[in-house]
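Everything on this sheet refers to the single structure shown next.
The values are calculated or read from the model by the stated rules, or taken from the named source; none is laboratory data. Computed from a prediction, not measured in an experiment: that's the story for all the values here. Here the Cβ positions follow ideal geometry from the backbone for every residue, glycine too, while neighbour counts run over all protein chains shown.
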Amino acid sequence: MNGGSDVEPMNLERRTVVKLTGLASGTGAIAGVASGTESSTAERSTSWERGRSDGISVTVLGSGASSFENGRANAGHVVHVDGEPTFLLDAGGGVGARLGEAGVDLTALDGVFLGHLHIDHTAALPAVVKAAYQRGRDRPLPVYGPTGTDDVPGTAAFLSRLFDPETGAYNYLEPFVERYTDGKLELEPTEIDATVGEDDGIACVRDEDVTVEAIPQTHGAIPALAYRFTCRGRSITFSGDTSLVTDNLRRLADGTDVLVHNRVVDAHVDPDEPKTDLHAYAAEIGATASAADVRTLVLSHLSQTDETEIEREMELIAREYDGPIVAVRDLVEVDPDGRIGAVEPIENDVLVCE
Ligand SMILES: [Zn+2]
């Protein structure tokens, strides 16, 4: 299945794309396809206040893809549990600043989960690691990610090439941390098998207060993973980057409260273009969300520079999926009931001395 190029004009009587206006100003746009009315949408935007939510929620740090043209940071999300930042999902360019704006305490993180190791998901990782230890982190930082192949490093080799105290590109960091802080730089890589096969199992990566499960995804020739975080029966699933060739995401996301899906390939993109090996069309995303009985579909890692292009893709998804669809921007939070809150960004003043 693909979106094709012969898309008919929209005539979705019940589904309307609306913009949420009750949120704090920030970068990028936010729009949602909802089956409700404007008033219920307004309630959606104001009925949940950050930090007052029990259980699991997700904060969007970077809702953009790899370009810098649409005012969105590259990929990055934080899973909060009972209001505490617990897991960082990806750390693309711009995510460092967003972590600060969102007030995320890097010393509190229980782990970093990398969907895959492309630049737009990992470029800020060294800065995040440094900032965590400079801030006083006093315990190891677990980093979960995919296995490698003969052609690309896995997570352990990737971290080693960055941070090894002798051979790493940032080999200054370990002595820096030890000299200037009381902490010790300790990264604990865990590689998760990202080989796509015939009948891939769902791996249970952690089984504590929050259960974390993972499954391989197709993303060109790059090993990639989707993750599902479940806390007290509520769950948020992250597709990672995927072309949705397999049924794996549907199986991992089955019955999930929130599916955060990365990147929509515009319907007019020719199926022979390379990007279709990396990402999915709107119709495929909608069909997957519908088959998995996802309660709220969140679109992130957006490459579109024009809001109307996003709306168009949302409407195509809505043909396949009848639940709420939300295209997020940076610095918003979504809870398992699909309620959306805004993070108030830090606004620095310009100081002039004449
Ligand atoms: Zn990406």
(request) Select from region 174-198 the residues that are surrounded by 14 or more Cβ atoms within 10 Å (Cβ to Cβ) and over 27 Å from the mean Cα position of the chain (by Cα) and list them in ascending order. (result) GLU174, PHE176, VAL177, GLU178, THR181, GLY183
(request) Being modelled with pLDDT of 95 or more, within 16 Å of the ligand (Cβ to nearest atom) and of a type outside the set (Val, Ile, Thr) is the filter here, so list the residues in region 247-267 that pass it. (result) LEU249, HIS261
(request) Search region 116-154 for residues being touching a Pro at 6+ places or on another chain (Cβ under 8 Å) and within 16 Å of the ligand (Cβ to nearest atom), and hand back the single one that is nearest to PRO85 (Cα to Cα). (result) GLY145
(message) Go through region 252-291 and report how many residues are over 16 Å from LEU316 (Cβ atoms) and in contact with a strand residue (DSSP E or B) (Cβ under 7 Å, 6 or more places away or on another chain).
(response) 10
(request) Report, ordered by the first and then the second residue, all pairs with beta carbons closer than 6 Å, sequence separation of six or more or different chains, a first member in region 88-110 that is part of a helix (DSSP H, G or I), and a second member that is among the basic types (Lys, Arg) and surrounded by 19 or more Cβ atoms within 10 Å (Cβ to Cβ). (result) THR107/ARG137
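Listed here are the residues, each with its yes/no results for (1) under 21 Å from ALA214 (Cβ atoms); (2) surrounded by fewer than 24 Cβ atoms within 10 Å (Cβ to Cβ); (3) acidic (Asp, Glu).
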site	(1), (2), (3)
HIS261	yes, no, no
GLU273	no, yes, yes
ASP322	no, yes, yes
VAL328	no, no, no
(request) Check ARG161 against each of (1) in contact (Cβ under 8 Å) with a residue 12 or more places away in the chain; (2) more than 15 Å from the ligand (Cβ to nearest atom); (3) among the basic types (Lys, Arg) and name the one condition it does not meet. (result) (1)
(message) What pairs come out if I take residues in region 116-145 that are touching a residue at least 40 places away in the same chain (Cβ under 8 Å) and among the acidic types (Asp, Glu) and pair them with residues that are within 14 Å of the ligand (Cβ to nearest atom) and outside any strand (DSSP E or B) whose C-beta lies under 7 Å away, six or more apart or interchain?
(response) ASP120/ALA65; ASP120/SER66; ASP120/ASN74; ASP120/ALA75; ASP120/GLY92; ASP120/GLY93
(request) Among the numbered conditions (1) crowded, with 19+ Cβ neighbours inside 10 Å; (2) of a type in the set (Ser, Thr, Tyr); (3) part of a helix (DSSP H, G or I), tell me where TYR227 comes up short. (result) (3)
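Listed here are the residues, each with its yes/no results for (1) of a type outside the set (Ser, Thr, Tyr); (2) in contact with a Gly (Cβ under 9 Å, 6 or more places away or on another chain); (3) modelled with pLDDT of 95 or more.
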| residue | (1), (2), (3) |
| --- | --- |
| VAL269 | yes, yes, no |
| ALA282 | yes, yes, no |
| ALA292 | yes, yes, yes |
| HIS301 | yes, yes, yes |
| GLU315 | yes, no, no |
(request) Would you be able to say whether some residue in region 60-67 is of a type outside the set (A, V, I, L, M, F, W, C), within 17 Å of VAL343 (Cβ to Cβ) and away from the ligand (no atom under 16 Å from the Cβ)? (result) no
